[in-house]
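*Asks:* Sharing a structure, written as structure tokens. Questions coming.
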Amino acid sequence: MRNCLQTSIRTIGGPNWTNARPAVMCYTTGTTGDPKGVAYSHRSIYLHALSVCAPWSMGLSENDNVSSSFPCFTPTRGHSYAGWLAGSDLLMPGQYLQAGPMCRMISECRPTLAAGVPTILSAVFHHSEAHSIDLSFLRLLFAEEQRFLAAWLKAFKPGIR
């Protein structure tokens, strides 16, 4: 039996893949600049997720609720995988990326981290201001645009980073 198993293990094998092989290819049509594409490796996605969990970074843990409003082509940013890796609750809005449904989900589920593209986060911010929606439970905001983040932080809450 031992010989049979050893022979099977040697002959079955599998592809000789490394973690450097591409896992995902992302392409943008260039809404904020020139069109571009990039391939992310399994390793880069994993390392990014680990770094997002690190206490000196975003410090995600099992105590966090992560709300992501990134479009489907940006899952490699790390926070979604990091939330899963850390055991956080993941709040996925699906197709409901408009400010009203997003604010409703945010106020009901109370995420500790919100991540998204500036267009969606800006609409959520303005909707929450207009409708007096409490967002004080957010401890961290992750956005792709520094100008938006600076305006949000100035108008929103000094404790958020």
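*Asks:* Neighbour counts of other C-beta atoms within 10 Å: give me S57, S136, S68, S128 arranged from fewest to most.
*Replies:* S136, S57, S128, S68
*Asks:* Got a sec? How would H126, H42 order by Cβ neighbour count within 10 Å, fewest to most?
*Replies:* Going from sparsest to densest Cβ surroundings: H126, H42.
Just so you know, all these numbers are worked out from the coordinates, no wet-lab data involved. As the structure is a prediction and not an experimental result, all values here were calculated from the model. A quick note on method: Cβ atoms are made from the backbone with ideal geometry, for glycine too, and the neighbour counts reach across all protein chains shown.
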